[in-house]
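J.: One structure, pasted below without further comment.
The values are calculated or read from the model by the stated rules, or taken from the named source; none is laboratory data. Computed from a prediction, not measured in an experiment: that's the story for all the values here. Heads up, the Cβs are rebuilt from the backbone with ideal geometry, glycines too, and the neighbour counts pull from every protein chain shown.
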Amino acid sequence: MNHFIRKLFAVIAFLPCYVWSDLSDAAERPNIVLIMADDLGFADLGCYGGEIKTPVLDSLAENGLRFSQFYNTAKCHSSRVDLLTGKYCGQAGSAKLSNGPTIAEVLRPAGYQTLMVGKWHLDKEPTDKGFSRYFGHLSGATNFFTGDNSFRLDGEKFDVPKEGFYTTDANTDHAIRFVNESLDEDKDRPFFLYLAYNAPHYPLQAPKEEVMKYRGKYAGGWDRLREKRYARQLDLGLIEREWALSPRPQNVRPWNDLTDKEKDWEDFRMATYAGMIDRMDQGIGKLVERLKEVGAFENTLFMFCSDNGACPFERTRGADKMPWDPESYWTYDTGWAHAGNTPFRWYKQNQHEGGISSPMIVHWPKGLRTKKGTITDQVGHLVDFMPTCMDLAGADHPDKDPESKLMGKSLLPIFKGKRREDHEFLYFHFGNNRAVRKGKWKVVSARGGPWELYDMLADRTELKDLSKSKPQIRDELVKVWHDFAEGTDRLSQKQRRPVSKSSQPWRKRG
């Protein structure tokens, strides 16, 4: 798409904002940068207790706001549906996004330039769903060095260069390019940038210099790493001291039971994972610096999150290839995933806290009213992004069907330092994993196993199952899940079948 056509589309999209706002008001609305990492664990960032070097995100957190209880859906595609629509996955039409607009489709008529970079993992293309600019891959994962045939640039096929390409860097470069071109076209018109990095999703691939920064740093193993991360989280005030560190699962071997060769291999895998996150942080830093150079940083709202907890799937092939070789295909297993989700239990796909707890960092110099470095324990969810963006843009949601209402609630009261009214409840579902959180209570079923009940104020690491001692509360919340699953999320009868009476053991996925 050439510059003239983009400019024409920009003018057309901007016209409706005259209905409700003059240009001076429009210029005061913030730019919005919404960044989603892929398979990033709750404890991986420095500002969430991790040892990986993430100085840019740490700085945004130290000068902004962190959430200690922000939730995703525990899975890549459903989290993207929730984020984009403000509705739960089935309710929104799942990957088809057939029951309601995206944030881009709401913000574009309100005068925002709508930009997307990175992983899509849904039907059609971003340019079919309200985004005026797009670079990235439509697939759910890609080779970081060679890409795949789903890469697109503004709706057209993009041929990945045969040399010198790294997906994380390409995403950063195109995000900066789109911002530059948007500001050149109309500096008074705010932009919405959805930057969906594929890092650190497998395959674990990173430039050699990033991997070698961390080589040897994980030789102490996952047991020691979890203890160190847990101690830092307590010191930071991210978690309560009453919440005991969840124990190592039975299917994860004690580190000292590994041979020296196995320990070296595991250290290498985790070093690669850390290098991928480090490189992503560097990219975010480049975007931050560019916004500062053009004077747009002060009125840009950054929101950073992850689509699910750390991933436990062992799918390595080509272990003989180095992780900076495009022919390599490494993953890591449950041991490091368990450390990634410190202090919680379970992983990606599961609706226990390890699967659904996300870092959430907010930074907005001109608009944030909380004290720098504040950690809020107010509960948020990906569905809250749509109403938050609508509030910021002064935009209306076109869908008036009460049966398909937005599930999210604006985060702006929290940004202003106020207590926000809680969600009536939060609903979770993926495959045969289920949960509902209502106030301090949460019911959860793992892999079709029996419903468990936890007090999230006293025991967020989910170690004291109260389902037998408080059956009435358990049954009330289970009914909430089934009613919503059938009436609003539109799950099939098979997806709503009764849970098993016995726990379902974890099985490795190869």
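J.: Hey, can you tell me all the residues within the stretch 361-373 that are buried (at least 17 other Cβ atoms within 10 Å of the Cβ) and touching a Lys or Arg at 6+ places or on another chain (Cβ under 7 Å)?
T.: Ile361
J.: Kindly check whether there is at least one residue in the stretch 126-145 that is touching an Asp or Glu at 6+ places or on another chain (Cβ under 9 Å), under 25 Å from Phe302 (Cα atoms), of a type in the set (Val, Ile, Thr) and surrounded by 15 or more Cβ atoms within 10 Å (Cβ to Cβ).
T.: The answer is yes, given that some residue of the stretch 126-145 is touching an Asp or Glu at 6+ places or on another chain (Cβ under 9 Å), under 25 Å from Phe302 (Cα atoms), of a type in the set (Val, Ile, Thr) and surrounded by 15 or more Cβ atoms within 10 Å (Cβ to Cβ).
J.: One residue is enough: does the stretch 293-308 have a residue meeting the conditions over 17 Å from the mean Cα position of the chain (by Cα) and without any contact (Cβ under 8 Å) to a residue 60 or more places away in the chain? Spell out the reasoning first.
T.: Filtering the stretch 293-308 down to residues over 17 Å from the mean Cα position of the chain (by Cα) leaves 293-300.
If we keep only those that are without any contact (Cβ under 8 Å) to a residue 60 or more places away in the chain too, we end up with 293, 295.
Yes: one or more hits.
J.: Among what's in the stretch 330-352 and is among the polar types (S, T, N, Q) and outside any helix (DSSP H, G or I), pick the residue that is nearest to Val443 (Cα to Cα). Please lay out each step first, then the result.
T.: At the first step, the residues of the stretch 330-352 found to be among the polar types (S, T, N, Q) are 331, 334, 341-342, 349-351.
Subset that is outside any helix (DSSP H, G or I): 331, 341-342, 349-351.
Details: Thr331: 31, Asn341: 19, Thr342: 20, Gln349: 16, Asn350: 13, Gln351: 10 Å.
Only one residue fits best here, namely Gln351.
J.: Select from the stretch 100-130 the residues that are over 17 Å from Gly86 (Cβ atoms), among the charged types (D, E, K, R) and outside any helix (DSSP H, G or I) and list them in ascending order.
T.: Matches in the stretch 100-130: Lys119, Asp123, Lys124, Glu125.
J.: Then there's this: Does Asp267 satisfy the criteria of being assigned by TED's automatic domain parsing to the domain that holds Leu382, free of Cβ contacts under 8 Å to residues at least 24 places away in the same chain and not β-branched (Val, Ile, Thr)? Give the steps one after another, and end with the answer.
T.: Details: assigned by TED's automatic domain parsing to the domain that holds Leu382: yes; free of Cβ contacts under 8 Å to residues at least 24 places away in the same chain: no; not β-branched (Val, Ile, Thr): yes.
The answer is no for Asp267.
J.: Let me confirm something: among Arg474, Arg460, which residue is more than 24 Å from Arg226 (Cβ to Cβ) and either buried (at least 18 other Cβ atoms within 10 Å of the Cβ) or hydroxyl-bearing (Ser, Thr, Tyr) (or both)? If you could, list the steps in order and put the result at the bottom.
T.: Details: Arg460 fails: more than 24 Å from Arg226 (Cβ to Cβ).
Checking each option against the conditions leaves just Arg474.
J.: Just one of the numbered conditions (1) at pLDDT 95 or above; (2) out of contact with any strand residue (DSSP E or B) (no Cβ under 6 Å at 6 or more places or on another chain); (3) exposed (fewer than 15 other Cβ atoms within 10 Å of the Cβ) is not true of Asp184; which one?
T.: Just one mismatch for Asp184, condition (1).
This table checks each residue for (1) farther than 18 Å from Leu34 by Cβ; (2) aliphatic (A, V, I, L, M).
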| residue | (1), (2) |
| --- | --- |
| Tyr112 | no, no |
| Leu115 | no, yes |
| Lys124 | yes, no |
| Phe135 | no, no |
| Leu138 | yes, yes |
| Phe145 | yes, no |
| Val160 | yes, yes |
| Asn171 | no, no |
| Phe191 | no, no |
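J.: Given the criterion charged (D, E, K, R), over 20 Å from the mean Cα position of the chain (by Cα), part of a helix (DSSP H, G or I) and farther than 30 Å from Thr388 by Cα, identify the matching residue among Arg241, Arg253, Arg269.
T.: Working: Arg241 fails: part of a helix (DSSP H, G or I); Arg253 fails: part of a helix (DSSP H, G or I).
After ruling out the rest, the residue left standing is Arg269.
J.: Looking at Glu293, Glu266, which is the one that is within 30 Å of Asn180 (Cβ to Cβ) and either out of contact with any Cys (no Cβ under 7 Å at 6 or more places or on another chain) or crowded, with 16+ Cβ neighbours inside 10 Å (or both)? Give the derivation first.
T.: Working: Glu266 fails: within 30 Å of Asn180 (Cβ to Cβ).
Glu293 is the lone residue from the list that is within 30 Å of Asn180 (Cβ to Cβ) and either out of contact with any Cys (no Cβ under 7 Å at 6 or more places or on another chain) or crowded, with 16+ Cβ neighbours inside 10 Å (or both).
J.: Just to verify a result, which residue in the stretch 93-125, among those that are among the small types (Gly, Ala, Ser) and under 18 Å from the mean Cα position of the chain (by Cα), is surrounded by the most Cβ atoms within 10 Å (Cβ to Cβ)? Quick ask: steps written out before the conclusion?
T.: From the stretch 93-125, those among the small types (Gly, Ala, Ser) are 93-95, 98, 100, 104, 110-111, 118; that's our starting set.
Adding the requirement that they be under 18 Å from the mean Cα position of the chain (by Cα) leaves 94-95, 104, 118.
Values: Ser94: 18, Ala95: 16, Ala104: 23, Gly118: 27.
Within the stretch 93-125, the match that is surrounded by the most Cβ atoms within 10 Å (Cβ to Cβ) is Gly118.
J.: Output the number of the condition that Lys440 fails; it satisfies all remaining conditions of (1) touching a strand residue (DSSP E or B) at 6+ places or on another chain (Cβ under 6 Å); (2) among the basic types (Lys, Arg); (3) surrounded by 18 or more Cβ atoms within 10 Å (Cβ to Cβ).
T.: Single failed check for Lys440: (3).
J.: Another question, then. Against the definition (among the basic types (Lys, Arg), over 30 Å from Trp120 (Cβ atoms), surrounded by 16 or more Cβ atoms within 10 Å (Cβ to Cβ) and touching a helix residue (DSSP H, G or I) at 6+ places or on another chain (Cβ under 9 Å)), how does Arg229 come out, yes or no? Spell out the reasoning first.
T.: Values: among the basic types (Lys, Arg): yes; over 30 Å from Trp120 (Cβ atoms): yes; surrounded by 16 or more Cβ atoms within 10 Å (Cβ to Cβ): yes; touching a helix residue (DSSP H, G or I) at 6+ places or on another chain (Cβ under 9 Å): yes.
When the stated conditions are applied, Arg229 passes them.
J.: Kindly list the number of the only condition in (1) without any contact (Cβ under 8 Å) to a residue 24 or more places away in the chain; (2) buried (at least 21 other Cβ atoms within 10 Å of the Cβ) that fails for Glu421.
T.: (2)
J.: In the stretch 146-163, how many residues are closer than 21 Å to Asn180 by Cα and buried (at least 21 other Cβ atoms within 10 Å of the Cβ)? Walk me through how you get there before you give the answer.
T.: Start the filter on the stretch 146-163 by keeping residues that are closer than 21 Å to Asn180 by Cα, which leaves 152-156, 158.
Checking the rest, the ones that are also buried (at least 21 other Cβ atoms within 10 Å of the Cβ) come to none.
The qualifying residues number 0.
J.: Considering only the stretch 66-78, I want to know if a residue exists there that is under 20 Å from Tyr347 (Cα atoms), assigned to a strand (DSSP E or B), at pLDDT 95 or above and touching a Pro at 6+ places or on another chain (Cβ under 9 Å).
T.: Looking through the stretch 66-78, at least one residue is under 20 Å from Tyr347 (Cα atoms), assigned to a strand (DSSP E or B), at pLDDT 95 or above and touching a Pro at 6+ places or on another chain (Cβ under 9 Å).
J.: Any residue at all in the stretch 160-175 that is assigned to a helix (DSSP H, G or I), under 24 Å from Leu65 (Cα atoms) and outside the structural domain of Glu462 (by TED's automatic domain parsing)? Even if it seems obvious, please write down each step before you answer.
T.: Within the stretch 160-175, the subset assigned to a helix (DSSP H, G or I) is 167-175.
This time we only want the ones that are under 24 Å from Leu65 (Cα atoms), so: 172, 175.
Filter once more, so that each one left must be outside the structural domain of Glu462 (by TED's automatic domain parsing): 172, 175.
Yes, because at least one residue in the stretch 160-175 is assigned to a helix (DSSP H, G or I), under 24 Å from Leu65 (Cα atoms) and outside the structural domain of Glu462 (by TED's automatic domain parsing).
J.: I'd like to check something: does the stretch 177-189 contain any residue that is in contact with a Gly (Cβ under 7 Å, 6 or more places away or on another chain) and either touching a residue at least 40 places away in the same chain (Cβ under 8 Å) or in the same structural domain as Asp82 (by TED's automatic domain parsing) (or both)? Before the answer, list the steps.
T.: In the first step, residues of the stretch 177-189 are kept if they are in contact with a Gly (Cβ under 7 Å, 6 or more places away or on another chain); the result is 189.
From the residues that got through so far, the ones that are either touching a residue at least 40 places away in the same chain (Cβ under 8 Å) or in the same structural domain as Asp82 (by TED's automatic domain parsing) (or both) too are 189.
For the stretch 177-189, residues in contact with a Gly (Cβ under 7 Å, 6 or more places away or on another chain) and either touching a residue at least 40 places away in the same chain (Cβ under 8 Å) or in the same structural domain as Asp82 (by TED's automatic domain parsing) (or both): present.
J.: Which of the residues that make up the stretch 359-388 are within 20 Å of Thr73 (Cα to Cα), outside any strand (DSSP E or B) and of a type in the set (A, V, I, L, M, F, W, C)?
T.: Our first condition is that a residue be within 20 Å of Thr73 (Cα to Cα); within the stretch 359-388, this holds for 359-362, 377-388.
With outside any strand (DSSP E or B) added as a condition, the list becomes 382-388.
Across the stretch 359-388, the qualifying residues are Leu382, Val383, Phe385, Met386.
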